[in-house]
Amino acid sequence: MEICSVGTRAEIGAGRVHSPDLMLVSRPALSQWITAHELESLRGALARGALPLDFLGKLKRLADGDLSHHFIQQNCRLFAALLVATEHSSFREGSPAERERLLPVLAYVRKDDDAIPDYKPEGFADDQREIRSAAVELHALIQSFKAWRLRHQVPALWPDHVDRARPMPL
């Protein structure tokens with residue numbers, strides 16, 4: 001399942017880190033649960049424009065859950081879409097450090113056996129906390145991406161879309 005269709009490829013996280021972004025590093029709680037291999041695997045899948053099948057399955061199960069599960073699922077898809085659009089140079093806003101902050105959050109949610117294993121009662125409380133933390137830290141970037149997506153991606157979803165800015169042929 002493709003997250004979004006976009007153009008050319010650029011490296012997630014490439015570029016210079018500016019001083020205000022230094023606080024946007026992965027939280028220590030995440031780094032003890034995620035391996036470099038898991039991050040690179042997820043980065044590779046996003047570079048190809050899709051989430052791994054196991055992660056897609058987990059998100060589908062979360063979509064069928066309660067409101068907190070739906071919150072996790074929706075934000076994971078949003079974060080992934082932002083990273084894919086960035087990877088393909090369609091969405092160019094935000095710093096590399098801001099965008100790179102989202103990858104470990106997705107990798108953490110992907111894991112079933114994290115700080116609070118997902119199969120336990122309240123097993124998604126930690127996942128929800130990590131998503132909320134990233135969403136609060138990156139609020140401006142996420143809002144900018146949502147606006148960009150409404151302008152650039154959503155209209156293409158409707159095949160009979162008429163661009164009101166262009167005059168209709170006579």
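The values are calculated or read from the model by the stated rules, or taken from the named source; none is laboratory data. What you see is a predicted model, and the numbers here were worked out from it, not measured in a lab. Backbone-built Cβ (ideal geometry, glycine too); neighbour counts: all protein chains shown. To get the accessible areas, we keep the full protein, side chains included, count just its heavy atoms, and leave off ligands, DNA and RNA. Shrake-Rupley method; radii C 1.70, N 1.55, O 1.52, S 1.80 Å.
Taken one residue at a time, the phi angles of the stretch 96-110 give Karplus couplings (6.51, -1.76, 1.60, θ = phi - 60°) of x, 5, 5, 5, 5, 5, 7, 4, x, 5, 4, 5, 5, 5, 4 Hz. Gly and Pro are set to x.
Figure note: 58, 146 ranked by solvent-accessible area, largest first, 1.4 Å probe, ligands and nucleic acids not counted: 146, 58.
Relative to its residue count, the stretch 38-105 spans a Cα convex hull of 84 Å³ per residue.
Sequentially through the stretch 134-151, phi angles give Karplus couplings (6.51, -1.76, 1.60; θ = phi - 60°) of 5, 5, 5, 4, 10, 3, 4, 4, 5, 5, 4, 5, 4, 5, 4, 5, 5, 6 Hz, Gly and Pro residues having no value and appearing as x.
Peptides 63-70, 111-118, 138-145 ranked from most to least packed give 138-145, 111-118, 63-70, packing being the mean of other C-beta atoms within 10 angstrom over each peptide's residues.
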